[in-house]
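Everything on this sheet refers to the single structure shown next.
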Amino acid sequence: MAKRRLTKAQASERFNRIIAVVALVVAILGLCIAFAVVTRNLVINGIAEIQGPEWDIRFTTQSSSATGGAQINSSKVDDRTISYHVIFTAPNQTADTNFGMANNSTVNAEIAAITTIGQNDYSAKHIGYTLEYADSTPITVGDLLIAGASRNARIHLDYSATQAEFLADAGSQVGMTVTIQYAQAP
C-alpha cells in the first residue's frame, strides 16, 4: 500500500488538532496541580514555650532587740528564713526581730496563709507573739505586696509567766516556727 500524502491544508489541520490536544492535556494537568495545591493539608511543626511570671519573694534586712534582760543569742536571715534564739531570764521580758519582706517578682503577691507550728502547751500559755508591720498594723492573710515593693515588719515575743512559773520551768526550751506563705494575687 502506498502512503497517501496530505495536502498542506490537511497537514495544518492535523497540526492544530495535535496542539489542541496537547493544550487540553496541559490545562487538565494544571488544574489538577492547582487543585492539589489548594486542597493539601498545611502542617506546621514547632514548639511554643509559655514562661510564667518570675516569682521572687524574699526576707531582707534584720535587726533584733530585747527588753527586761532577755538575751538574743543568735539570729540569722537568708532569702527565705529568719531564725533567732532568745533566752528569757525573768518574766515579762520581750524580744523583737525586725525584717523586710521584698517582692522582687513581676507579679503582685498576697499572703495566702500564716501558720504556727512547734508550740507546746507551755509556750502557748506563756509566750505570746505578734506579727506586725513597722506601723504596728497586724500582718494578716490577704495582705498585698505589690510587685517591686517591700514592707518592713517585726515579730514580737512576750514572755508572761509568773515568777513561780518561771522558777518551775527554768531551763526549759520552747521552739516555735511562724510561716508566712505568699501566693500570686488575683
- Across the Cα atoms of the chain, what radius of gyration and what greatest pairwise Cα-Cα distance (Dmax) are found, in Å? 41.9, 144
- Counting Lys +1, Arg +1, Asp -1, Glu -1, what net charge surrounds F99 among other residues with beta carbon under 13 Å of its beta carbon? +1
- Amide H neighbours of Y182 under 5 Å, at least 5 residues apart or on other chains, H built in the peptide plane: list them. A112
- Item | Cα long-axis angle, helix 8-39 against the chain (0 to 90 degrees, to the nearest 10) | 10
- Would you work out the charge dipole size for the range 57-184 about its Cα centre, treating the Cβ of every Lys and Arg as +1 and the Cβ of every Asp and Glu as -1, and quote it to the nearest 20 debye? 260
- Return the long-range amide H neighbours of I87 (sequence gap of 5 or more, or a different chain), with a cut-off of under 5 Å between placed amide H atoms. Q71, I72, N73
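Bear in mind that the values in this text are calculations on the coordinates, not laboratory data. Please read all numbers here as calculations on a predicted model, not as lab measurements. Reconstructed Cβ throughout: ideal geometry from the backbone, glycine too, with neighbour counts over all protein chains shown.
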